[in-house]
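A short write-up of the structure that comes next.
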Amino acid sequence: MSNNSNQTTRLGRTIIFAFAAIFALTVCASAQSKSSMAHLNSTHAKALQTWLKANPKYRAAQVADCKNKFGLKSMRGDDAKFHPYYAVYDYDKDETEDFAVVVIEANRKPDFQYTLLVFKGDKQGNYKMAKTIDSMDLRQGGIWLNVMEEGITDLYIGEFQTDNCSYLQWSNKKFVIRDCEGN
């Protein structure tokens, strides 16, 4: 009888350990997910979280994903909050806030892991996907806003401190990608 009692005790401990491990992994994953979007405002984080749930092979790009530390430091200047993979602006000039964010698909080769998502806002504060640019290498850069002549602001995409970039411009009710060198 004591042998059965020992087996029952061992089985009970194994079940408790398994539940504890599952709970710990769930808590860690939830904390990681929230901290990976700490740089986003809450409505942007909600929109991105919804997209990530529908596209689970991706994750939000983090500052640590930018390998160009000198370029990042230069881009930040006096703005310590600058994030290389997040930008907020009214891209389509409809007087509502839009945002762009970069996500990473870890299963791809490093030079094709990065994907830019642009979310268009509406007057009610909701966001919907407006543009996706897939298979980019943003290890040496990211995205940033640049004010051009005549007060036009565009979203730039590419390597920091080089002409190796593109920019996203709103034109005729759609996003157009232009090359920086042709600027």
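Each value in this text was obtained by applying a stated rule to the coordinates, not by laboratory testing. This one's a predicted model, so the numbers in the text were calculated from it and none came from an experiment. Cβ: placed from backbone, ideal geometry, glycine included. Neighbour counts: every protein chain shown.
Rounded, prolate or oblate, given the Cα gyration tensor of the stretch 61-144, with a/c below 1.5 counting as rounded? Please list the in-between numbers first.
Details: a/c = 2.84, a/b = 1.36, b/c = 2.09.
Because a/c hits 1.5 or more and a/b fails to exceed b/c, the stretch 61-144 counts as oblate.
Report Rg (one decimal) and Dmax (nearest whole number) for the stretch 103-182, counting Cα atoms only, units Å.
Cα radius of gyration and Dmax of the stretch 103-182 are 13.7, 42 Å respectively.
Assuming R0 = 30 Å, can you tell me the calculated FRET efficiency for the pair Met148 and Thr43, based on Cβ-Cβ distance, to the nearest 0.05?
With a Förster radius of 30 Å, E is 0.60.
What number do you get for the stretch 58-109 when its Cα radius of gyration is normalised by 2.2 N^0.38 Å, N = residues?
Cα-based Rg divided by the globular estimate yields 1.35.
What is the magnitude of the charge dipole of the stretch 56-139 about its Cα centre, with +1 placed on the Cβ of each Lys and Arg, -1 on the Cβ of each Asp and Glu, and no other charges, expressed in debye to the nearest 20?
With Lys and Arg at +1 and Asp and Glu at -1, about 480 debye.
Using only the Cα atoms of the stretch 41-182, what do you get for the radius of gyration and for Dmax, in Å?
In order Rg, Dmax, the Cα atoms of the stretch 41-182 give 14.5, 42 Å.
Rounded to the nearest 0.05, what FRET efficiency do Thr132 and Asp78 give with R0 = 30 Å and r taken as the Cβ-Cβ distance? Could you check?
Values: r = 32 Å, r/R0 = 1.07.
Computed FRET efficiency for Thr132 and Asp78: 0.40.
Under a Cβ-only charge scheme (Lys and Arg +1, Asp and Glu -1), can you give me the dipole magnitude of the stretch 41-182 about the Cα centre, in debye to the nearest 20?
Values: 20 positive and 21 negative charges, 163 e Å.
Once rounded to the nearest 20, the dipole reads 780 debye.
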